[in-house]
Structure formats: C-alpha cells, structure tokens
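What follows is one structure encoded as structure tokens, with my remarks underneath.
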Amino acid sequence: MQNNKIMEIYQLLLDRFGQQHWWPGESEFEIMVGAILTQNTNWGNVEKAINNLKNANRLSPESLLKIQTAELAELIKPAGYYNIKAKRLKNFINWFFGQYNGKLEYLERVGTDTLREELLSIKGVGAETADSILLYALARNVFVVDTYTARIAARHQLIEPGADYEELQYLFESRLSSDTKLFNEYHALLVKLGKDYCKPKARCSNCPLKHLPYKLTFEY
DNA sequence: GACCAGGCACATC
DNA sequence: GATGTGCATGGT
C-alpha cells in the first residue's frame, strides 16, 4: 500500500502553520450563522456582520426568528449579498424552529446523515454550508470541502481537475481516520494554505507542498 | 481599478 | 447534465 499522501500533507501543514483554532465563534449558534454569512465572502466582512448582530442584540435563535428580513439585511450588510443572505438565514431559522423548536438539544440528538439531508433541503444551504455546520457547530465527522480544497487538490494532482464536491470529500474522508478534531484542523489548514500561498493567480513559489507533484492551472 | 473572498440557486442550452 | 449568471461588501 502506498503511503498516505493526504495524511503527509496534513502533518506538513500543521508543522508549518500550527493549530488554527477553528471555527472562530462563541457559540454553536454563532457558528451556524457564520457558516451562511461566509458564503463566497471574506471572513473579515463576516465578523463585521456578526458584530452588528451582537451589538443589536439579535444574535439568538429567538431574535432572528422575530426580526424582519429587511432589518436583518441591514445588519448583515458588510457580509455582502445581504438581501439573499438575510433570506437564507430566515430559511435556516424557520427550519430550526419548525423541526426543533429552536433548541440545539433537540437538534443534537439527530443522526448525522438525516441532519445533513435536512440542512441541504433548506434553500440557501448547500453542501459546504451544511458540512461546516455539521463539523464546526455540531462536531460531526464530515470533511468540509471548499474552493481552496478543490484548488489545492487539483494543483497537486491529488484528484482530477473538475472533481465535484462529493469526490473531493471522499478523497479526504477515505484517507483519514474519522476524527472530528482532525477534520476540523485539516480544513482550517487548507484555508490557511489557500489564503497565503495557493492563490488563484499565484505561482506558489514558496508553497510548503512544493516537493509534491505540482501543476499550475489558473482554472484552479 | 481589477481581482478576490471559507457558495448557492436558478435559467438556459 | 454541463455551463452561465446574479447576488454585493470590503481588503489588497
């Protein structure tokens, strides 16, 4: 059996960057809200939006259930796409109350596969958002895939370019022990690598993984 | 000013 | 089933 390149990369990134302490957030609920707000958006902008919600005393399930969509949109403006994200947050919160009366303790009893299906049925919650919620808010063993994951995996020829979400997720899940802490740290490290080195149009000259096979394509 | 950022739904072919 | 488009602020 060939040695596990996926695990090797993890060790390299951890040695290089150290623990990332993800997900930044003070509560499970805040993490779930952040997962929707960060869709295709810089985290710094999300923090501004979350602070607005906190300062307005709106960052609770009950408050978000009651708030008008237009008012919510105004508060989350810095996160971008604020109208559509306000609707998505509302869709999420309506599901949360509809299914679980807005109580985390009920939601936490549900099996991971069922929960994932339910999350994906919410308009505005796709695979990455659902998996971020499952892993980072609810400590379930699912590997989160994002654009960084796809870019890094494609450039280092870990997978065929154009691989879809499920294929990328399987690549990592099948080669790692099913460990929440490992999945948590690995995804965060990939984001760190993507932000600092594996950029869309960067040559990655100082890439920590540069000893690996590497093929730059600007499509990734 | 261009480019990018921890996506997703929907239209169209 | 694949591909294109709208959504939007803020940092580099």
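Bear in mind that the values in this text are calculations on the coordinates, not laboratory data. The structure presented is a predicted model; accordingly, all values stated were derived computationally and were not measured. Positions of Cβ are backbone-derived with ideal geometry, glycine not excepted, and every protein chain shown enters the neighbour counts.
Isolated cysteines of chain A, defined as having no other cysteine beta carbon under 4.7 Å away, are A:CYS198. Put a dot 7 Å past the Cα of A:HIS21, heading toward its Cβ, do the same for A:LEU120, and the two dots end up 3.5 nm apart.
Note on the stretch A:119-220: lysine pairs with Cα distance below 26 Å, sequence gap of 8 or more or different chains, count 13. Rounded to the nearest Hz, the phi-derived 3J(HN,Hα) couplings of the stretch A:63-79 under the Karplus curve 6.51 cos²θ - 1.76 cosθ + 1.60 (θ = phi - 60°) are 5, 6, 5, 7, 5, 6, 4, 5, 5, 4, 4, 4, 5, 9, 3, x, 6, where x marks glycine and proline.
Think of chain A as a dipole: +1 on every Lys or Arg Cβ, -1 on every Asp or Glu Cβ, centred on the Cα centre; then among A:VAL145, A:ALA73, A:SER60, A:ALA73 lies furthest on the positive end.
Of interest is the spacing of the C-alpha centroids, which for the stretch A:154-180 and the stretch A:132-153 amounts to 11 Å. Between A:SER60 and A:GLU74, the modelled labels are 2.1 nm apart [label points 7 Å from Cα along Cα→Cβ]. Projecting the alpha carbon convex hull of the stretch A:28-137 along each direction and taking the average yields 5.9 nm².
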